[in-house]
1. If contacts are Cα pairs under 8 angstrom and at least 6 residues apart, what is the relative contact order of the chain in percent?
2. Let me know the shape class of the range 361-403, please: from the alpha-carbon gyration tensor, a ≥ b ≥ c as square roots of the eigenvalues, rounded when a/c is under 1.5, otherwise prolate if a/b is greater than b/c, or oblate.
3. With n ≥ 4 as the cut-off for DSSP H runs, can you work out [θ] at 222 nm for the chain, using -39500 (n - 2.57) per run divided by the number of residues, rounded to the nearest 500?
4. Relative to the present Cα-Cα distance, how much length would full extension add between S423 and R282 at 0.36 nm per residue of separation?
5. If you count, for each residue, the other Cβ atoms within 10 Å and average over each peptide, how do 309-319, 211-221 line up from highest to lowest?
6. Could you give the radius of gyration (one decimal) and Dmax (whole number) of the Cα atoms in the range 341-476, in Å?
7. Using the count of nearby Cβ atoms within 10 Å as a rough guide to exposure, how do K256, K165 rank from fewest to most?
8. Evaluate the Debye formula for the range 90-170 with equal point scatterers sitting on the alpha carbons, no solvent, and hand back log10 of I(q)/I(0) at q = 0.15, 0.20, 0.21, 0.24 Å⁻¹, in q order, two decimals.
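Computed from the coordinates by the stated procedures, all read-outs in this text should not be read as laboratory data. On a predicted model such as this, the values are computed, not experimentally measured, just so you know. Glycine gets a Cβ as well: all are built from the backbone with ideal geometry, and neighbour counts include every protein chain shown.
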Amino acid sequence: MENATSGSLTGAARTLGVVLITLSASLLSLRYGFNFVQTVSMAVFTLVISAALFFWEHHLPVAFAGIAILLICGIMELPDMVAESKLDIILFLVAMMIIVGILKDLGLFSWIIITVITIPGMTARTFVIVACAIGAAMSCMADETTSIIFISALIFQVCDTLNLKPISFVIMAVMAINIGSAGTMLGNPVGILIGQNAVPPLSFNDFMIWSFPLMLVEFTAVMLFMLWNFRREIREMDVRIEERRRMGLALGPIVKVPYGRGLFVLVLLMSLLSLHTNIEDRLGLVRNTMLITTPLLIAGLLMLWRRGHIRKHVESDVEWMTLIFFMMLFVVAGALKRTQVTGHIADGFAAAFQDAPDLLLPAILGISAVGSAFIENIIFVAAFIPIVVKLDQTPLLWALLHGACLGGNITMIGSTANIAAVSLLEKRYWTRVDFLVWLKTGLMVGLLSFLVAWGGLALLAPHMPIRPPPPAAGRK
């Protein structure tokens, strides 16, 4: 009875928090001269965001209710809802999840694990660098969650063999994965969201030219710090590896795993994605048509080839709850853009930094990093990207991307990869990761990567192409 009362009080406190946040947003909107539809749009968006923070288990029904309010109040019409749901992004993510699931079944990930644990003369430092590099590379080509699940399996294999606690090594890996996710459009849903919403849209090659090199510098700086920060754990692993080597034992079971078909699919996918701009130009297609089409085509062909497993791939490999929430979130954020709420906020940013425009870049980078440390980065970016697009400065798009991806390292709830890593540790080892232990490392990694990203973007900004201003949104 006492537990039930405690739980109900907690629920009541969270409910009160949602109500107060939503009410405060509405009152502030009225205070700053927003009209009725703008105030309702702001209230609905705040309601959906705060519900996702305080009641994650109920975030989807609240989002559904928010969409209904927008439609009933006439703020959005059905065609608007369909247009803002970003079906192209959703289908892209569905296809990529199916492809990753099939690659897993084809043994590609198992082959990579076996390759790593059989590296001749393996040392702890080598293992950490290789594991983190593979995690970062995987997050460039697949989603963060899949990457950390795969890399955690590798770390668990080695740590179990050496009788070591895996927490520090998992933290290093997940931070590398969050950084790597900023390298391409594929690593994080925010990449494809930013790329598709930019005016004109950013291509896969744009990410490879401007974001990938910066990610490599950030990864190098953070790896050097983590090798120093976790030097005791690395030294202990070195001792255990040497003891095992003297006994003539390997770091895990050595078996042959077929990987050729999976590797071929991965190479084909990355090749077509890297060439999508050239193909679009030759065929006269709209920008990024082949970017979306390529995963759909490959996923479709793979499912036909493995037609006996279609239901499994569609039902098990695709995170439908997450994708449906993304659609609802895009619609709610789209209402802010259509009612020009984001335009007003963007004008406020421009006015605030008109006397110091050079500070706008670190401001966007810092706000997106801090925001993503406590709010799921896709939620933050969905709300913030119309503001950044309205500001009409290309470097700010990359600042939003890197801030959102790097900020996820600050806290253990900053990204889906972090949450997945903590869950894996708790499930396998009954070990709870202390919030402050993570925060201690996360703050240092976040600050270091922020400084590197700021310096890199400041150097690259003068060389970035000038993009045409976005078209003015009509007032609802």
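1. Working: 631 pairs, mean separation 97.2, N = 476.
In percent, rounded to a whole number, it is 20.
2. Working: a/c = 2.31, a/b = 1.43, b/c = 1.61.
Judged from the Cα gyration tensor, the range 361-403 comes out oblate (a/c at least 1.5, b/c at or above a/b).
3. Values: 23 runs with 355 residues, N = 476.
After summing the helix terms and dividing by the residues of the chain, the value is -24500 deg cm²/dmol.
4. On the way: separation 141, 0.36 × 141 = 50.76 nm, distance 4.67 nm.
Here the segment from S423 to R282 would lengthen by 46.1 nm.
5. On the way: 309-319: 14.8, 211-221: 19.4.
Those peptides, ordered most packed to least, come out 211-221, 309-319.
6. 17.1, 55
7. Values: K256 8, K165 13.
Fewest-to-most ranking of K256, K165: K256, K165.
8. Once normalised to I(0) and log-transformed, intensities are -0.55, -0.91, -0.98, -1.21.
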